[in-house]
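S.K.: Starting off with a structure, shown below.
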Amino acid sequence: MSALAEKLRQLRTQAGLVPAADSPSRAGVAPSAGAPPAASAREHLRRLLDLRPARALSRQPLRHELPLLGESVATGVYAMERCYPASAMTPLLPPRWPDGAPVARERFLLFDTETTGLAGGSGTRAFMLGAADWCEGFLRVRQLYLTAMAGEAAMLALFASWLRPDTVLVSYNGRSYDAPLLRTRYCLQRMPDPLQGRTHVDLLHPVRRRYRGCWENCRLATIERRLLRIVREDDLPGSEAPAAWRSFLREGRTTALMRVLEHNRQDVVTLARLLEHLDEGALPLLD
């Protein structure tokens, strides 16, 4: 046996990959004096590869952690749906719409994403998608979130199924961030982009035109607190959402992820109230 082959055998034995019968000691070769036990070697390899131990892959929440909300609708995807009584069902956006005709509320889909980072690029993905629309006298809030990387394609397909041919998109800074990010993810999954070519009302722009300089900034949290008088309790800042999702993937911790789910729900509900408020104020919503 060559020296290289013998060295590979020793390394495999140290890592616990060679049965005892095939170990070098049984073949008359003395093991290395400093060789770590097989269990330690496997743990060392896990740390090097950033792998979770098998117990962390269980869907059962850790002690004192919240259970996952919603139901599993595909491998690696959970869905949550809630409905709230609508204050009105009258059309929105009267003469300020390009053709001068009001738009039925049922056509609007207000959406928001929670992502793995704010830098953008092909390495950033949306691990949570929230959307609100008016349906049968209710404001319906639907949310999708990933519990495994493998669920991204299914989540994107489900979100696309929520869009109708006449859907009007509504977001807050979505034309600059959420829509391009989703476009990239659909492209990488080799799926058609369902947002392409749709009318998209980005509420950040009319808010800036009206309230820039009035308050410290035009972030959605600021606008909802000062303009809509909404005060969130125990809200998880959006900047902490990526860490919450990574903690769930690596350690199975669900509590922070469920707080992200609540944060996302409140975001799309706020978008609905903000759209109504701006419409009442007769502000032009389209650039």
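Every number here is computed from the coordinates shown, using simple stated rules; none is lab data. In this text, all values refer to a predicted model and were calculated from it rather than measured experimentally. All Cβ positions, even for glycine, are placed from backbone atoms using ideal geometry, and neighbour counts span all protein chains on display.
S.K.: How large is log10 of I(q)/I(0) for the range 154-255 at q = 0.24 Å⁻¹ when the intensity is taken from the Debye formula with one equal scatterer per alpha-carbon?
M.R.: So the normalised log intensities work out to -1.20.
S.K.: Further question: For the pair residue 63 and residue 208, what calculated FRET efficiency results from E = 1/(1 + (r/R0)^6), where r is the Cβ-Cβ distance and R0 = 45 Å, to the nearest 0.05?
M.R.: 0.45
S.K.: Per residue, how much space in cubic angstrom lies within the convex hull of the C-alpha atoms of the range 78-280?
M.R.: It comes to 127 Å³ per residue, whole-number rounded.
S.K.: Run the numbers for residue 157 and residue 138: contour at 0.36 nm per residue of separation, minus the present Cα-Cα distance, in nm.
M.R.: 4.4 nm
S.K.: Same structure again: Efficiency by 1/(1 + (r/R0)^6): what FRET value for residue 280 and residue 124, r their Cβ-Cβ distance, R0 = 30 Å, to the nearest 0.05?
M.R.: Plugging the Cβ-Cβ distance into 1/(1 + (r/R0)^6) gives 0.25.
S.K.: Further question: When Rg is the radius of gyration of the Cα atoms in the range 227-272 and Rh is its Kirkwood radius, what does Rg/Rh come to?
M.R.: Here the Rg-to-Rh quotient is 1.05.
S.K.: Using 0.36 nm per residue, how much length does the chain from residue 247 to residue 11 gain when fully extended, once their Cα-Cα distance is taken away?
M.R.: Going from the current span to full extension adds 81.8 nm.
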